[in-house]
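Where a number appears in this text, it was derived from the coordinates with a stated rule and is not lab data. Keep in mind it's a predicted model, so treat the numbers as computed, not measured. Glycine also receives a Cβ, built like all others from the backbone with ideal geometry; neighbour counts cover every protein chain displayed.
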Amino acid sequence: MIVSSKNLLQKARKGGYAVGQFNTVNLETTLAILKTAEKLKSPVIIATSENEVGYSAPQTIVALVSAIAKNSKIPVAIHLDHGSNFNLIKECILAGYTSIHIDTSAKPFFQNALAVKKVVALCRPKGIQVEAELGQIPTPVRNQKVARQLYFTNSQEAADFVAKTGTDSLAISVGTAHGAYKGKTKIDFELLGEIGKKVKIPLVLHGGSLVPDAQIKKAVKLGISKVNVNTELRQAFTGAVRKELEAKPQEIVPYKILPAGITAVSKIVEGKIKLFGSQNKA
């Protein structure tokens, strides 16, 4: 069943576990995520970034996820990841997305807060969950040559930001990074603990791929209620399909090749759900 992620994350915060956000762009990845979450009886968030939405369309994503999740007993949220274009945000809302991440974190504090308030005002009457971002999570195309600590979230600013915007959840920067280039991840647990004490809404950890399991577990204990995973899914899917093509160079039927990608993604999703502690929480 398709739901808002607001209640999912509030329950996770109270229950001391995290809900996995898994990004998709095609039928095979979506099948892998939803079927695995169903098997493990876990709530799940299916996400698309602005680029992933551009590959298809918001309406296509909603139709695809809804069709697969129609007879599912687990709660499934459909989430826009890193939405910075207000027109695209409105398009996703009209299409049926139940969760929106407004990412204007590169702007100064007050400009960021104003943009978030605008999205909250649009989403709240419709029961759509809003995720904001304070601080910046480095990516392969920005910040990668600069010390990550310069972009970390300030705990007092986080509390003020939540009060000013009314956002339902907050993505914070405490040491993780987007993409596969990140090298050694070292989460600042002292800072995370401070933010967790001052901010009572669910906290979100972006860049959850390739982070050591022990660090993820500790982050969840300190208040992380949602962990985003994308890079590992891409690596698993693409790697498995490449191997299949190499092993069967004469094969031209897609549905005889692509299941290898589904199996590979399912394995990653299962491991993450168990790591986050959301198994049997649906």
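Here the sum of -39500 (n - 2.57) over DSSP H runs of 4 or more residues, divided by the residues of the chain, equals -14500 deg cm²/dmol at 222 nm, to the nearest 500.
If you take every DSSP beta bridge whose two residues both sit in the chain, what share of them, in percent to the nearest 5, is antiparallel?
Of those bridges, close to 5 percent are antiparallel.
Put the Cα centre of the range 186-252 next to the Cα centre of the range 255-277 and the gap is 14 Å. Take every Cα-Cα distance within the chain, group them into 10 Å bins from 0 onward, and report for each bin the whole-number percent of pairs it holds. In whole percents, the pair-distance histogram is 7, 30, 38, 20, 4, 1.
Comparing Ala115, Asn87, Val19 along the charge dipole axis of the chain, the residue lying farthest to the positive side is Val19, per the Cβ-charge model. In this label model, Lys218 and Glu246 are separated by 3.6 nm, measuring between points 7 Å along each Cα→Cβ vector. A simple spin-label model places pseudo-atoms 7 Å from Cα toward Cβ; at Asn71 and Val253 they are separated by 2.4 nm. For the residue pairs Lys226/Lys274; Lys14/Lys184; Lys11/Lys107; Lys11/Lys73; Lys14/Lys218; Lys14/Lys197, alpha carbon separations beyond 20 Å are given by Lys14/Lys184; Lys11/Lys107. Note on Lys256: lysines with a C-alpha under 16 Å away, same-chain residues under 8 apart excluded, are Lys243, Lys248. Neighbour counts of other Cβ atoms within 10 Å put Tyr55, Tyr97, Tyr151 in the fewest-to-most order Tyr55, Tyr151, Tyr97.
Compute the longest continuous run of the chain that contains no exposed trypsin sites (Lys or Arg not before Pro); treat a site as exposed when its DSSP state is not H, G, I, E or B and it has at most 12 other Cβ atoms within 10 Å.
Longest gap between qualifying sites, sites excluded: 201-282.
Assign one of three labels to the range 208-282, namely rounded, prolate or oblate, based on the Cα gyration tensor with a ≥ b ≥ c the square roots of its eigenvalues; rounded applies when a/c is under 1.5, prolate when it is not and a/b is larger than b/c, and oblate otherwise. Verdict is prolate for the range 208-282.
Projecting the Cα atoms of Ala163, Ile102, Val241 onto the dipole axis of the chain, where Lys and Arg carry +1 and Asp and Glu carry -1 at the beta carbon, places Ala163 farthest toward the positive end.
Taking every alpha-carbon pair under 8 Å whose residues sit at least 6 apart, the range 156-282 reaches a relative contact order of 21 percent. Each of Ala106 and Gln279 was given a label point 7 Å from its Cα along the Cα-to-Cβ line. The distance between the two points is 4.0 nm.
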